[in-house]
1. Could you check the stretch 200-218 and list, in sequence order, the residues that are loosely packed, with under 12 Cβ neighbours inside 10 Å and aliphatic (A, V, I, L, M)?
2. Please indicate, with yes or no, whether at least one residue in the stretch 68-76 is of a type outside the set (D, E, K, R), modelled with pLDDT under 90 and touching a helix residue (DSSP H, G or I) at 6+ places or on another chain (Cβ under 6 Å).
3. Ala180: over 24 Å from Pro67 (Cβ atoms), under 19 Å from the mean Cα position of the chain (by Cα) and modelled with pLDDT under 85, yes or no?
4. Working only within the stretch 29-46, note down all residues that are touching a Pro at 6+ places or on another chain (Cβ under 6 Å) and either of a type in the set (Gly, Ala, Ser) or farther than 21 Å from Thr123 by Cβ (or both).
5. Looking at (1) out of contact with any Leu (no Cβ under 6 Å at 6 or more places or on another chain); (2) modelled with pLDDT of 90 or more; (3) under 16 Å from Ala200 (Cβ atoms), which is the one condition that is false for His236?
6. Within the group Leu149, Leu122, Leu142, which residue is among the hydrophobic types (A, V, I, L, M, F, W, C), farther than 18 Å from Val40 by Cα and crowded, with 21+ Cβ neighbours inside 10 Å?
7. Would you check if there is a residue in the stretch 103-121 being under 26 Å from Asp3 (Cα atoms), touching a His at 6+ places or on another chain (Cβ under 9 Å) and aliphatic (A, V, I, L, M)?
8. Out of curiosity, is Ala78 under 17 Å from Ala21 (Cβ atoms) and within 26 Å of the chain's Cα centre (by Cα)?
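The values are calculated or read from the model by the stated rules, or taken from the named source; none is laboratory data. Quantities reported herein were computed from a predicted structural model and do not represent experimental measurements. Here the Cβ positions follow ideal geometry from the backbone for every residue, glycine too, while neighbour counts run over all protein chains shown.
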Amino acid sequence: MADAISLLRPRTVVGPSLHAAGEWALRFDRFPHVRIGGLVRGTCWLILDGHEPVLLQEGDTFMLGDPPPYVLASTPGARTRPAEEVWARAEDGSVRIGPEAEENLYLCVGHIGFDDGNASLLTDLLPPLVIVRAADPRGLELGQLITLLATEVEATAAGGPLVENHLAQILLVHMLRAHAGRTDRPTGWLGALNEDGIGAALRAVHADVARSWTLQELADISHMSRSAFAQAFKSHVGVPPLDYLIRWRMNLARNALARDTLSISQLARATGYQSESAFSTAFRRVVGSSPSTFRDQARKPDEMPLSPEPAP
């Protein structure tokens, strides 16, 4: 998980906290890639386009994956207005709807954007909505994080944006842990981390990506036969084990080329290839361009690198 989030290069913007009373409804525009928030106090309705309204209660935390437009409201039938207009009136890290004396809602919400080229590492695995209820095993610690984040936003103290950024990313990790640990856990690497054998193989690959892994070595780590391991890995992760290894190497390579931190020959060795030509062949097959072309495009400030095939 740490490896994936490192490649995602998250950019966090925590909005002002919302204090509300009476009847209200705010409509939020579509945003890539993740919205995250929670209720410090009170209740409200979350209404995603195309989904049934969901009642959020005090202490609940929510995460939206690549969310369509959505509404937060005191009641499902309340007249909506753009959240942007209300957010523009923020003072001292908060916005208020209705009289302060009647306040019955205190909510903190923010968004996390990722490097576009690697965003699918996570967003492809997330449902539109993940809710961790206050009564869930992880609910207490998540509620405490939301309260800390809301307090920091309104404190407007020195170093505030740095603290907010770290708290939001900690919140993201805890939400991913909660989601991955559920019985309806996601497919892909996120869900597979909680499978003892498959998770052990995944961790081994990430710990030594330059090693010339064989299917038998990974099966041995998982304490499974080769055939059983290959079948289980593909069932949980979505691709065969050695395909996952190649794609992960190419994700690392794309990131290094975009940041221009290693030469192509150095990068070939770092990702487990004995020669630059072997690395270039694998890169072209997965990404669709040669490493040098990808790096040259990444150096141009007004052009984005070529898009890869979906990452594992």
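1. Filtering the stretch 200-218 for residues loosely packed, with under 12 Cβ neighbours inside 10 Å gives 207-208, 212, 216.
Ala207, the sole residue that qualifies.
2. Scanning the stretch 68-76, I find no residue that is of a type outside the set (D, E, K, R), modelled with pLDDT under 90 and touching a helix residue (DSSP H, G or I) at 6+ places or on another chain (Cβ under 6 Å), so the answer is no.
3. Spelling it out, it is not the case that Ala180 is over 24 Å from Pro67 (Cβ atoms), under 19 Å from the mean Cα position of the chain (by Cα) and modelled with pLDDT under 85.
4. The one that is touching a Pro at 6+ places or on another chain (Cβ under 6 Å) and either of a type in the set (Gly, Ala, Ser) or farther than 21 Å from Thr123 by Cβ (or both): Trp45.
5. Unmet for His236, out of (1) out of contact with any Leu (no Cβ under 6 Å at 6 or more places or on another chain); (2) modelled with pLDDT of 90 or more; (3) under 16 Å from Ala200 (Cβ atoms): (2).
6. The match here is Leu122.
7. Among the residues of the stretch 103-121, at least one is under 26 Å from Asp3 (Cα atoms), touching a His at 6+ places or on another chain (Cβ under 9 Å) and aliphatic (A, V, I, L, M), which makes the answer yes.
8. Working: under 17 Å from Ala21 (Cβ atoms): yes; within 26 Å of the chain's Cα centre (by Cα): no.
When the stated conditions are applied, Ala78 does not pass them.
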